[in-house]
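**Student:** Here it is, the structure, as structure tokens.
The values are calculated or read from the model by the stated rules, or taken from the named source; none is laboratory data. Please read these numbers as outputs of a predicted model, since none were measured by experiment. All Cβ positions, even for glycine, are placed from backbone atoms using ideal geometry, and neighbour counts span all protein chains on display. Protein only, heavy atoms only, side chains kept; ligands, DNA and RNA dropped before computing areas. Shrake-Rupley method; radii C 1.70, N 1.55, O 1.52, S 1.80 Å.
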Amino acid sequence: MRNRQVALVGSTLLAIGVALAAANLRPAVTSLASVLGDVRGSLGVSTAWTSALTAVPTLCFGFAAFLAPWLGRRLGMARAVALSLLVLTAGLVLRIVDGPAVVLGGTFVACAGIAVCNVLIPVVVKDSFPGRVGVVTGVYTAVMAAGAAAGAAFTPGLESLLGSWRLAVGAWAFLSLAALLVWLAGARHGEVVRAEAPRVASKRSLARSPLAWVITVFFGLQSLLAYTVMGWLPQILGDAGVDRTTAGLLLAVTMVLGVPVSLIVPPLAARRAGQSGMVLGLGLLSVAGVLGLALAPSYAPGLWVVLIGVGMGMFPLALVMISLRTSSTSDTARLSAMAQSIGYLISAAGPFAFGVLRGATGTWTVSMLVLVALLVLLTALGWIAGRPRTI
């Protein structure tokens, strides 16, 4: 008899299901961001509403992530992830059927489904592919980056083809439905409980672990960078004189760069005892890219975008460090939930404050200099989190 609390069988079909689930964890955000000007014009909404919309994903990721470990225990990983993909699909459809309030609500529902996947998929990777954590995490985050890039690059074209931003944004529900069907086919719990005697989970509260808090704030700040870029980069470039299509493509470039970076960073990190040097290198690239956008946005926008895109390799590094800094799958689930729930709540302030500062100052420069300061803090925390030890 199968036990819902036993690890999922690490089959090829499960790996494909993990990859397809990952492909759906960012288009809900980047597809809307790439046509945000048209959405705003169509709905007749304010800058404050637009700022709220860019903050909704991270707020939802934070609040909904608290429920993910409970859902995993209650339903088992197979059913919990399937439910999250179903909720994502429903939210993607809901948000295109009515006005501003429904767009916000549907985005919140879609991102609730994403939040559960965000927390549980790293646990599935560690538990079902224990000997290939770095490789599978790399594939998972690479496909996630590809999905983000696709959402940014193809949605403006879909809008032109279909004649409506609603149809263009809603079309991404087909991808999440496909992921749900493959997941249902490939996710199967094992027959026999695996022995984990050497890896007894700690009963200590993670709230009392300094390392857990360092990883949590590190995760939050790198998410703040990512969602600020995804939410506002096309607008920043547009204000610097870049046309809408090119701005969407440049956003896609930052996401596409995540594919090779994600394939390289996690396996490399998993082979090293410490990851502090990798954090420093990625942090310096991010700082250089954001400074370039702040001080000379129209001089070499492609270069600044490339530097930021490579620097956003902090995300796959943060995910793999959640596994590397824990000694059991139970602790991985707890740390993943803590880092992603509190971390995303921290990051939610970024896109909103970024837009508010722009409205108050009339320029993006102040917003981006504040972001540079946060990147310096992010790099310092990542240096500490990268030291070889466990919670």
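**Student:** Looking at (1) free of Cβ contacts under 8 Å to residues at least 60 places away in the same chain; (2) under 29 Å from Asp127 (Cα atoms); (3) small (Gly, Ala, Ser), which is the only condition Ala146 fails?
**Tutor:** All conditions are met except number (1).
**Student:** Considering segment 292-318 alone, what residues qualify as being open to solvent by less than 10 Å² (accessible area, probe 1.4 Å) and under 13 Å from the mean Cα position of the chain (by Cα)?
**Tutor:** The answer is Gly313, Met314, Pro316, Leu317, Ala318.
**Student:** Please specify each residue of segment 185-206 satisfying the condition of being open to solvent by less than 60 Å² (accessible area, probe 1.4 Å) and either modelled with pLDDT of 80 or more or within 27 Å of Ala373 (Cα to Cα) (or both).
**Tutor:** Scanning segment 185-206 gives Ala185, Gly186, Ala187, His189, Ser205, Leu206.
**Student:** Mind checking which pairs have a first residue in segment 374-387 that is closer than 13 Å to Ala318 by Cα and a second that is assigned to a helix (DSSP H, G or I) and aromatic (Phe, Trp, Tyr), Cβ under 7 Å, 6 or more apart or different chains?
**Tutor:** Leu378/Phe218; Leu381/Phe218; Gly382/Phe218; Ala385/Phe218
One line per residue, one yes/no per condition, for (1) surrounded by fewer than 21 Cβ atoms within 10 Å (Cβ to Cβ); (2) outside any helix (DSSP H, G or I); (3) small (Gly, Ala, Ser):
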| residue | (1), (2), (3) |
| --- | --- |
| Ala212 | no, no, yes |
| Val229 | no, no, no |
| Leu233 | no, no, no |
| Thr254 | no, no, no |
| Leu257 | no, no, no |
| Ile264 | yes, no, no |
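**Student:** Further question: Do we find that Ala168 is open to solvent by less than 20 Å² (accessible area, probe 1.4 Å), in contact (Cβ under 8 Å) with a residue 40 or more places away in the chain and either within 30 Å of Trp49 (Cβ to Cβ) or of a type in the set (D, E, K, R) (or both) in this structure? Show your work before the answer.
**Tutor:** On the way: open to solvent by less than 20 Å² (accessible area, probe 1.4 Å): yes; in contact (Cβ under 8 Å) with a residue 40 or more places away in the chain: yes; either within 30 Å of Trp49 (Cβ to Cβ) or of a type in the set (D, E, K, R) (or both): yes.
Here the answer is yes, as Ala168 does meet what is asked.
**Student:** Working carefully through the options Thr155, Thr107, find the one that is in contact with a Lys or Arg (Cβ under 8 Å, 6 or more places away or on another chain), under 23 Å from Met230 (Cβ atoms) and either of a type in the set (S, T, N, Q) or surrounded by fewer than 23 Cβ atoms within 10 Å (Cβ to Cβ) (or both). Show your work before the answer.
**Tutor:** Values: Thr155 fails: in contact with a Lys or Arg (Cβ under 8 Å, 6 or more places away or on another chain).
Matching residue, one of Thr155, Thr107: Thr107.
**Student:** With within 15 Å of Met77 (Cβ to Cβ) and of a type in the set (A, V, I, L, M, F, W, C) as the only criterion, which of Leu158, Leu184 stands out?
**Tutor:** Values: Leu158 fails: within 15 Å of Met77 (Cβ to Cβ).
Being within 15 Å of Met77 (Cβ to Cβ) and of a type in the set (A, V, I, L, M, F, W, C) holds for just one of Leu158, Leu184, which is Leu184.
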